[in-house]
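A short write-up of the structure that comes next.
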Amino acid sequence: MSFIHDDFLLDTEQARVLYHDYAKDLPIIDYHCHLHPEQVGNNKQFKNLYEVWLAGDHYKWRAMRSNGVDERYCTGDASDWEKFEKWCETVPYTLRNPLYHWTHLELRKPFGITDRLLDKSTAKRTWDECNEMLATPEFSARGLMTQAKVKLVCTTDDPIHDLAHHKAVAADKTFGSAMLPTWRPDRAMAVESATDYNAYLDRLANVSDTQISTFDDLMTALNKRHDYFHANGCRLSDHGLETVYAADYTEAEIKAIFAKVRGGSELNAEEIEKFQSAMMVEFALQDHAKGWVQQFHIGAIRNNNPRLFRTLGPDTGFDSIGDHNYAKPLAKFLGRLDSENRLAKTILYNLNPRDNEMIGTMIGNFQDGSAAGKIQFGSGWWFLDQMDGMTRQIEALSQLGLLSRFVGMLTDSRSFLSYSRHEYFRRILCGILGRDMAKGLVPNDTRMVGKMISDISFNNAKEYFPFVVPE
């Protein structure tokens, strides 16, 4: 039997039935990812396995560095084949790291490779076979999405983005999937560096055709872009936060702080916190006014290696789990919006697993009966989108909320091969519920539990998000 087989992770008969009858064949709504829109818009044909699988993958780079691989083979000037070969040499050393499962799941789908484990001895054969497939239309960017039954993806987009590729995909009626933008305005509140912030505001002013001199001007520009995103199908925002900001402030203070930073002066820590607290509220009010869903990814400490950040830049694999305490400011932030009846549907993702139970209880404070699962505990994210992380998130949500109303998995990935993460999640979910059925912890009722599996895998997301999923 191959390592990744039909019943992989399904260790009870109930789990096997749940997966094969209620989860496996469902389509995918990937409501948070980092795909490059131009690759979908242009239907990119990948030239080789490195380009579709390793380029930009900081998970793999971290593992390769840990295995003693020189940076030249990660982000440097080595050839695509040389980088791939070094990855293959590393794969056997990733046992018990989620990369080992992901790697072989991705070789199985879409490439159909199940007769080998990936290592240096199988590298060339795998390279040649996959490259031959990648040259065909079925393995283009859109072809890979179609193979994975992806109905809709939401990319991650700055307010200054023109969304040209989203428009192109929307206009192409021959493609059966939708690609929608997601509003990611982190840079509009990133006032830690006056120079960088003002350079960004100049670009925002240009694309919004708005002179930005005052805080009111800033909000006018952002509202214009928010309207533009909405007109192009956006129905979600996303915010990457090291912690939650909920300091007290006055309107006069925020206007003065903005004038200071717009004038080129650096802000102190208190001013930064006040301004970012105000911007979180402003963004939330924008989303509520248009009926969007807001997402908060909380807890990453980014670019921890100064030397390599200077050399390689961001998103190259030098980020960590943070340890901020943010329960009180999160409650304060959500409570302020709820008190004004302007709290949008919200998904909270934590990166530190110690916060699972805090998030699991926090979401229950702000459910208001207006929508099932209005406030969501998001799926295991980044360092937690692996078996233990997903299992612990599912267990915390099960014990403290309603797992049945969960909107399920996402890829959070830049790779068109990462749709196997949905399969991985579904197998883990079916394994958990199948074991519960076998132990008598939930009724041994396949139809009832199967409906729950189908809802979490697809149906809940289709109902929760305010966009239309292609049939």
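The values are calculated or read from the model by the stated rules, or taken from the named source; none is laboratory data. Computed from a prediction, not measured in an experiment: that's the story for all the values here. Glycine gets a Cβ as well: all are built from the backbone with ideal geometry, and neighbour counts include every protein chain shown.
Before moving on, here are some points about what is shown:
- Members of the stretch 336-356 that are outside any helix (DSSP H, G or I), polar (S, T, N, Q) and closer than 21 Å to residue 299 by Cβ: 346, 350, 352
- Reported count of residues in the stretch 387-407, each being surrounded by fewer than 19 Cβ atoms within 10 Å (Cβ to Cβ), touching a Gly at 6+ places or on another chain (Cβ under 8 Å) and among the polar types (S, T, N, Q), is 1.
- Pair list, Cβ < 6 Å and 6+ apart or interchain, from the stretch 457-471 residues that are closer than 20 Å to residue 22 by Cα to residues that are part of a helix (DSSP H, G or I): 457/426; 469/462
- Being loosely packed, with under 15 Cβ neighbours inside 10 Å, touching a strand residue (DSSP E or B) at 6+ places or on another chain (Cβ under 8 Å) and modelled with pLDDT of 95 or more is not true of residue 300.
- Any hit, the stretch 140-147, residues being within 26 Å of residue 294 (Cα to Cα) and either touching a residue at least 12 places away in the same chain (Cβ under 8 Å) or surrounded by fewer than 18 Cβ atoms within 10 Å (Cβ to Cβ) (or both): yes
- Here 62, 16 are screened, and the one residue that is crowded, with 16+ Cβ neighbours inside 10 Å and touching an Asp or Glu at 6+ places or on another chain (Cβ under 9 Å) is 16.
- Any hit, the stretch 160-167, residues being over 18 Å from residue 236 (Cβ atoms), assigned to a helix (DSSP H, G or I) and of a type outside the set (Ser, Thr, Tyr): yes
- Residue tally, condition crowded, with 19+ Cβ neighbours inside 10 Å and either touching a Cys at 6+ places or on another chain (Cβ under 7 Å) or assigned to a loop (DSSP other than H, G, I, E, B) (or both), over the stretch 112-132: 3
- Any hit, the stretch 186-195, residues being within 30 Å of residue 352 (Cβ to Cβ) and touching a strand residue (DSSP E or B) at 6+ places or on another chain (Cβ under 8 Å): yes
- Residue in the stretch 182-197 that is part of a helix (DSSP H, G or I), modelled with pLDDT of 95 or more, among the hydroxyl-bearing types (Ser, Thr, Tyr) and more than 20 Å from residue 419 (Cα to Cα) present: yes
- Residue count for the stretch 1-24 satisfying the condition of being part of a loop (DSSP other than H, G, I, E, B) and either in contact (Cβ under 8 Å) with a residue 40 or more places away in the chain or assigned by TED's automatic domain parsing to the domain that holds residue 416 (or both): 11.
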